[in-house]
């Protein structure tokens, strides 16, 4: 899976998220489908689930800005981002009906398991073979069509006076809830405080939220919206159309916070 740089991340700032930290887009001469991560990195949909290509000879999980002891995380991340090639003619995809429909890439390994049946009394040692077992290994591509329902959170309410919410992102610099800012961008996903206990790592965030296996969301942002802020909530479907494992929130409007947003906490990938 090749990582590409988004040449104009500003175009995604005002665009509604598809899922937490993700946008749908098209780019290149062939208008191929891309998944945009954090508004700044893009991956081709058809490559999701394949090994991530190293950047400047360094594997993704060994990038300097993912090191817990990194003293210049944001600066080194920006330098890393500059090494990526830009996607030409990238644009936001607003309509899911024109995007690739749900599919699961299945890699089938046929294993024939022979089992000798117990010799029956007086059968003269007759044996039979058990039916062959097909072992299916499924790798998710991108279920954009099914996820149209995943974006719809059916309940609306107002935040409590001391509400604390969380958001998991792949990068140390957020364009939707920037550290030091006092506002959350409109159409931004988050999760209630109680979800934090179930997501201790970057990959567990992807698994619990039912997201495609792209980059681990290792950066945990804490959000404290102003009392009585409008939020949407529900339990969305995962990308394969089944039920997700998390409770999600969505801020439909630009939402001020009770205090400036803190620097994100770095979680381990695993």
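Readers should treat all values here as calculations from the given coordinates under stated rules, not as data from a laboratory. The shown structure was predicted, so the numbers you read here are calculated from the model rather than taken from an experiment. Note that we place each Cβ from the backbone using ideal geometry, even for glycine, and neighbour counts take in every protein chain shown.
Things to note:
- Over segment 173-226, the ratio between the Cα radius of gyration and 2.2 N^0.38 Å evaluates to 1.18.
- A P(r) calculated from all alpha carbon pairs of segment 151-266, with 10 Å bins opening at zero, reads 15, 48, 34, 3 percent.
- Take 259-267, 49-57, 33-41, 173-181 and order them by the average number of nearby Cβ atoms within 10 Å per residue, most first; the result is 33-41, 173-181, 259-267, 49-57.
- Values of log10 I(q)/I(0) for segment 4-94 across q = 0.12, 0.14, 0.16, 0.24 Å⁻¹ run -0.39, -0.53, -0.69, -1.28, by the Debye formula with one identical scatterer at each alpha carbon and no solvent.
- Gained length - residue 2 relative to residue 52, 0.36 nm times residue gap less alpha-carbon distance: 17.4 nm
- A full extension of the chain between residue 259 and residue 32 corresponds to an added length of 77.6 nm, given 0.36 nm per residue minus the alpha carbon distance.
- Rough spin-label spacing in nm, given labels placed 7 Å along Cα→Cβ, for residue 83 and residue 201: 2.4 nm
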